[in-house]
Structures are given as structure tokens and as C-alpha cells.
1. Explain nothing, just compute: Karplus ³J(HN,Hα) = 6.51 cos²θ - 1.76 cosθ + 1.60, θ = phi - 60°, for every residue of segment 139-147 in order, whole Hz, x for Gly and Pro.
2. Using θ = phi - 60° and the Karplus form 6.51 cos²θ - 1.76 cosθ + 1.60, what ³J(HN,Hα) does each residue of segment 297-312 get, whole Hz, x for Gly and Pro?
3. Just want to confirm a number: the relative contact order over segment 357-481, from Cα pairs under 8 angstrom separated by 6+ residues, in percent.
4. Please label the shape of the chain as rounded, prolate or oblate, based on the square roots a ≥ b ≥ c of the eigenvalues of the alpha-carbon gyration tensor (a/c under 1.5 means rounded; beyond that, a/b larger than b/c means prolate, else oblate).
5. Three principal axis extents, largest first, for the C-alpha atoms of segment 87-246, in Å?
6. Express the carbon and sulfur contribution to the solvent-accessible surface of segment 82-137 as a percent, rounded to the nearest whole number, probe 1.4 angstrom.
7. When only C-alpha pairs under 8 Å and at least 6 residues apart count, what is the relative contact order of segment 415-507, in percent?
8. Could you tell me how many degrees, from 0 to 90 and to the nearest 10, lie between the Cα long axis of helix 37-47 and the main elongation axis, the longest principal axis, of the Cα atoms of the chain?
Amino acid sequence: MSTQASPASGAAESAPSPGVPAAVSDRWEKWGDRLNPLVVKEVRQGLRTRVFWVSFGLLLAACLVLSLIAFANTHDSTYTREGRSYFFSFFVCLALVHFGLIPFNAYRSLAREREDETWSLLLLTGLGPRRILRGKVASFLVQAVLYASAVGPFLLFSYFLNGIDLPTILMVLMLGGAWMVFLTLVSVCAATVADSRMGRAAVRFALVAVLVVTFFQALTFTFVVTNERGSGFSFDRNFFLGLGAAFWLLVSDGWLVFETAVARLSLVTENYTRHPRRALVVQVFLTFVGMTAVWWLMDRDDDIPGVMGILGGLHLIFATLFMATDVDGQSRPLRAGTRAWTLFRPGALRGFRLSVLLLVGWAVGCGVLLWLSDGSTSSLRMGMSQAALALYGVLYLSVALLLGRMPRSGRFASPVSVRLLYVLVGILGAGVPPLLAVFLNLAGRDELLNLLNPILGTLNFGKYDYSDPSGLKMPPELLLCVALVAVLAAFAADRVLADRERRAHQQ
């Protein structure tokens with residue numbers, strides 16, 4: 001008996017659809033294979049829910065009522081300037097969905113997968129955490145586009161009412177879209193934070209509070225922009241530099257948050273820290289390059305590296321808190337390729353070393369720019385303040401790691417415990433010295449008492465002293481003392497983490 005298929009059956013299996021060329025059919029099949037199947041599933045599931053259709057209907061009804069009110073108030077007037085007010089009203093309707101409903105639904109979608117224990121079933125499809133999260137985020141962005149397409153004609157209608165121009169409308173919508181994507185990524189990452197029922201309830205409450213606060217902040221920013229620049233759009237270099245910095249912060253932090261969410265859902269046998277740590281390094285490097293370019297274009301204005309140095313230092317302190325508090329050690333398959341310079345591999349030891357390098361490198365880079373600005377006393381004070389902030393970050397991170405992981409007991413060695421210890425130590429370091437100064441009657445003469453205070457110490461190093469000929473409230477020698485304490489604490493924390501990793505690998 002012959003097992004060869006008949007020509008008719010083979011032709012039937014490979015024949016394209018009627019009226020469609022074979023090349024076009026093959027191309028569509030390839031694109032269909034590349035498309036994340038989870039996007040199609042989530043979009044279909046989202047469009048079938050009652051929440052989507054109720055919110056979509058209410059959004060259209062609200063915009064329709066506003067447009068009828070606008071028509072009734074302006075059709076008798078020959079010239080009106082009500083477009084600014086009605087644009088803001090339409091934007092509020094869209095913001096309720098984009099800044100509230102979409103991020104919270106994205107959080108609930110992933111949280112429900114973990115609560116119902118269906119996440120393992122998704123992993124069995126072979127997509128992996130990255131493609132699954134990418135599909136969930138993309139599906140909610142598709143729903144956001146549907147909402148925006150419904151409100152878009154009404155936003156354009158406000159332009160014909162005068163009082164607002166098209167560049168302002170486009171600028172607000174672009175920043176609003178970036179903010180919506182960032183909130184969605186943060187909400188998805190929040191769904192990966194807690195594992196227990198109590199932790200999930202706390203995360204849900206915190207997320208709702210953040211969404212409510214940021215909703216009003218976004219509306220306030222939109223109101224200010226549309227009222228100040230709505231009718232007469234003009235090019236202001238400082239304003240657009242600020243908008244560009246805000247847009248870059250949303251994009252880069254969104255990428256970092258997404259990689260963090262993927263890392264939290266990855267297996268311990270994978271190199272789960274490579275992508276988030278690489279994203280943080282790339283963000284710091286590109287931010288410094290962009291800051292240098294702006295500093296050069298602005299005629300070496302020392303305010304740019306001064307302000308950005310402080311803000312970047314605070315951002316790094318927050319980011320490195322999560323990077324340096326990873327679990328001890330790593331899985332056996334990753335140990336063979338791990339070297340002293342492979343700082344992207346899992347483990348608290350490598351995360352701590354990379355954190356120290358980033359904090360010190362950022363402070364040194366910003367200090368070099370300040371020194372190249374004019375070398376004045378003002379630049380020196382800004383540079384000392386930035387160096388002090390970085391040293392305080394290293395010091396208190398090291399102290400938290402020593403308190404949590406120096407004891408043999410693992411009661412306070414978990415990442416969450418070390419982060420709580422970091423916050424507690426920071427609060428004590430910032431609050432106890434001022435109280436002692438009050439009890440000892442040292443008000444106004446407490447610089448040495450607040451030498452290790454992360455808040456007042458940073459401010460004191462940047463203050464100007466009119467009574468001193470040098471103009472420095474805190475001499476550079478005191479900064480060297482802070483650096484010595486931070487180096488000793490960092491060395492001790494490094495040795496403790498190395499010992500814990502060695503013991504973890506021996507078990």
C-alpha cells in the first residue's frame with residue numbers, strides 16, 4: 001500500500017484562498033505567527049465585558065452632551081474663544097478612562113491570573129513572561145486607542161471654537177498618551193509585587209490612591225498648559241526642554257518598570273536580573289549624555305547639572321534600593337559563567353556593587369560638568385551637595401544590608417525586610433539629630449551633629465555661608481569624613497554579602 005498522498009489532497013492543503021495570491025497568503029500567515037496570540041485573546045475578552053461597553057457608552061454620551069452645550073452657547077456668537085474650556089472638559093472625560101480605568105483593569109487582569117493560579121497555564125503555552133506581559137499591555141493599549149478614537153473628533157471640535165491651537169492640542173495628547181502608557185506599565189508591575197492575600201490588598205489600595213492623586217495632578221498640568229499656551233503657541237526653549245525631560249523620564253522609567261515586572265515573573269534558574277539592570281544602566285548613560293548636550297547648548301549653565309544631579313541621585317537611590325536587595329546567591333546553572341565583573345547576574349552582591357558604581361559615577365559625572373561650568377563657589381557647593389547625596393545613599397543602603405544580613409538568622413534577610421530596614425534607618429538618621437540639637441540647644445550650630453543626616457546634611461553642603469570667606473557652610477574636609485564612613489560601611493556590606501552568597505552556594 002502506498003503512503004504517498006494524492007496530488008489532489010496535496011493541492012487542497014496548500015492552495016491559497018480564492019482571489020488571494022500565494023505570496024500574499026504566506027505573508028499574512030507569517031505576520032499572524034509573529035503576532036502575540038495573547039493580544040487577540042485579551043482584546044476579545046475585554047471588548048465583551050460590560051465594563052467596556054458601559055464606560056464607552058458613558059464616554060460618548062458625556063462628549064455628546066458637552067458638544068451640544070457648546071453648540072447652544074456659541075452658535076449665535078460671531079466670534080467665541082471657548083475652545084480652551086471645552087477642550088479641557090473633553091479631556092477630563094478621556095482622562096477618567098485613560099488615567100483610571102485602563103491602568104486599574106490592567107492591574108486586575110494580571111492579578112487575577114495570579115490569584116486564580118492560572119499563570120502557570122499561560123506559561124505552558126511557551127510564550128514566556130515577557131511575551132505574556134507584552135500581550136497584556138498591548139491589549140489594554142488597543143482598548144485605549146478605541147476610547148481615544150471616540151473622543152478624538154470632539155477634541156478636534158474644540159479647535160473650531162477658537163481659544164486653543166492645534167500644537168497645544170497635539171502636545172497635550174502626546175504627553176497624555178505617554179502618561180497613560182506609563183501608568184499601565186506601573187499597574188502591571190504592581191500586580192507582580194505581592195504574593196499573599198494581605199499584600200495584594202495593600203498593593204491594590206496603594207495603587208488606587210496613586211491613580212487618584214496622579215489623576216488630579218495630570219488634570220492640573222493640563223489646565224495650566226492650556227490656559228497659558230492655548231491661544232498663542234510660542235516656542236519657549238526652557239519649557240520644551242522640560243517637556244522633553246519629562247517625556248524621556250516616562251519612556252525610560254516605563255521600560256525599566258516593564259523589565260522589572262518580567263524579572264519578578266521569571267524563574268530563578270534564569271538570568272532574570274540582566275534586562276532590568278541593563279535598562280537602568282542604559283537609562284543613566286543616555287540621561288547623562290542628554291544632560292551634557294543640553295548643558296552645552298545652554299552655554300554651560302550650572303543649574304542644569306545641579307538640578308539634574310540631585311533629581312538623578314534621588315532616582316538612583318530609589319532604583320538601587322530594589323536592585324541591591326536581591327536574594328543571596330544564584331541558581332546552579334548560572335554560577336559557572338559568573339565572574340567578578342558580571343554585575344548583571346542575579347544576587348544581592350552584584351546588585352549592591354552595581355548600585356555603588358551607579359551612585360558614585362552619577363555624582364562624579366555631574367561634578368565634572370559643574371567644575372567645567374565656571375569653577376565658582378556656587379558650582380563647588382552644588383558638587384559637594386550631590387556627592388554627599390550619593391554617599392548618603394551608599395551609607396544607608398550598606399547599613400540596611402548589614403542590619404538585615406549580617407546575623408546568621410534569616411529573619412530580616414528577605415528583600416522586603418531589608419527595604420523596610422532601609423526606610424527605618426533613613427527616618428532615624430534624618431529625624432534623631434535635629435531632636436538632639438533641640439535638646440542640646442544647638443539650633444543654628446548643629447552642622448556636625450547632622451553630618452550623617454541624609455536630608456540636612458545634603459542641604460548643609462549646598463548652603464552658602466556669608467560669615468566665612470570661602471562661602472562654604474561645610475568645608476570639603478567634612479565631606480571626606482562622610483566618604484570615609486560610607487566606604488567603610490560599603491566594604492563591610494560587600495564582605496557580608498560575599499560570605500552569605502558563599503554559604504548559600506554550599507548548601
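The values are calculated or read from the model by the stated rules, or taken from the named source; none is laboratory data. Source: prediction; values computed, not measured. Cβ: placed from backbone, ideal geometry, glycine included. Neighbour counts: every protein chain shown. Protein only, heavy atoms only, side chains kept; ligands, DNA and RNA dropped before computing areas. Shrake-Rupley method; radii C 1.70, N 1.55, O 1.52, S 1.80 Å.
1. Per-residue couplings from phi come out as 5, 6, 5, 5, 5, 5, 5, 5, 4 Hz.
2. Once rounded to whole Hz, the list reads 5, 8, 6, 6, 6, 6, 5, 5, x, x, 6, 5, x, 5, 5, x.
3. 25 percent
4. oblate
5. Principal axes ranked by extent give 55, 27, 27 Å for the Cα atoms.
6. C and S atoms contribute 56 percent here.
7. 16 percent
8. 80 degrees
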